[in-house]
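**Q** Mind looking over this structure? Questions follow.
The values are calculated or read from the model by the stated rules, or taken from the named source; none is laboratory data. Bear in mind that the values here come from a model prediction, so they are computed numbers and not experimental data. All Cβ positions, glycine included, derive from the backbone under ideal geometry; neighbour counts span all protein chains shown. Accessible surface is based on the protein model in full, side chains and every heavy atom, while ligands, DNA and RNA are left aside. Shrake-Rupley method; radii C 1.70, N 1.55, O 1.52, S 1.80 Å.
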Amino acid sequence: MSESRPRSTRRPVPDHLFGGRLRGSYLLDLEVVGVGEIAPHVRLITMASSDLVGFEYTPGQDLLFEFSDGDRTLRRRYTIRRSDPGKGTADFEIEIHDGRGPATRWATKAQPGEHLEAIGPRGGISLRPTATSHLFVVDDSAMPAAFVLLEALPADTPATALLVTSHGAKARPASARSPATSSSGWIQQR
């Protein structure tokens, strides 16, 4: 007997929510299925859901996660680092900041089985197809977006990435690069 593919249950964001700015996005129910450490200050969170089966997005887009913070709900955006639409999974690299924010507190303690609501795909950061080269200048929080965009470049498109961090040069693994991509430059921020 063959295994049947899960069916998506995602729901379109109603037009009246957020003034229609998220038209084309979906309400998503996600479950943590994996947690890892990329660097001491970066957690890799793998989410799964039937909502992610067949999920399509453009490299650079993100999901808007909802976090509970006492009696209020806060939203934070995280770039879709990679996904497997056949399995209904997606990876997110979450920078662990000073430990005071609700997203940082959640990511530090996240365990498989936990659930989050999200909205996506969303965001307008993307590659310009007519560009003859690319320059990315990012801090720790934007590194996942830069990495996913670098990986989406055609192999013959030159690119340079300046990675600004307070964690020291090469504080986290850089992205797989296309052959034309110059070495990423690390800038130590104090």
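**Q** Can you compute log10 of I(q)/I(0) for region 1-99 with the Debye formula, treating each Cα as one identical point scatterer, at q = 0.13, 0.20 Å⁻¹?
**A** Rounded to two decimals, the profile gives -0.53, -1.15.
**Q** Taking 0.36 nm per intervening residue step and subtracting the Cα-Cα distance, what contour gain separates residue 50 from residue 166 on full extension?
**A** 38.0 nm
**Q** Determine Rg/Rh for the chain; Rg is computed over alpha-carbon atoms and Rh is the Kirkwood hydrodynamic estimate from the same atoms.
**A** Rg/Rh for the chain comes to 0.98.
**Q** For the pair residue 114/residue 75, report the inter-label distance in nm, with labels modelled 7 Å from Cα in the Cβ direction.
**A** Placing both labels 7 Å along Cα→Cβ, they lie 2.1 nm apart.
**Q** Hey, another quick one. Using a 1.4 Å probe and counting only protein heavy atoms, arrange 18, 67 so the residue with the most accessible area comes first. Mind showing how you got there, number by number?
**A** Numbers: 18 60, 67 10 Å².
Result, largest first: 18, 67.
**Q** Then there is this: Output the 0 to 90 degree angle, nearest 10, between the alpha-carbon long axis of helix 143-152 and the longest principal axis computed from the alpha carbons of the chain.
**A** Tilt of helix 143-152: around 80 degrees.
**Q** Just check region 81-152 against the gyration tensor rule for me: Cα atoms, a ≥ b ≥ c as the square roots of the eigenvalues, rounded for a/c under 1.5, and otherwise prolate or oblate depending on whether a/b exceeds b/c.
**A** Cα axes put region 81-152 in the oblate bin.
**Q** Relative to the present Cα-Cα distance, how much length would full extension add between residue 100 and residue 16 at 0.36 nm per residue of separation?
**A** 27.0 nm
**Q** Here's a follow-up. Counting Lys and Arg as +1 and Asp and Glu as -1, each charge on the Cβ, what is the dipole of the chain about the Cα centre in debye, to the nearest 20?
**A** It comes to approximately 260 debye.
**Q** What does the extension gain come out to for residue 29 and residue 151, with contour length at 0.36 nm per residue minus their alpha carbon separation?
**A** That pair, residue 29 and residue 151, stretches by 41.2 nm at full extension.
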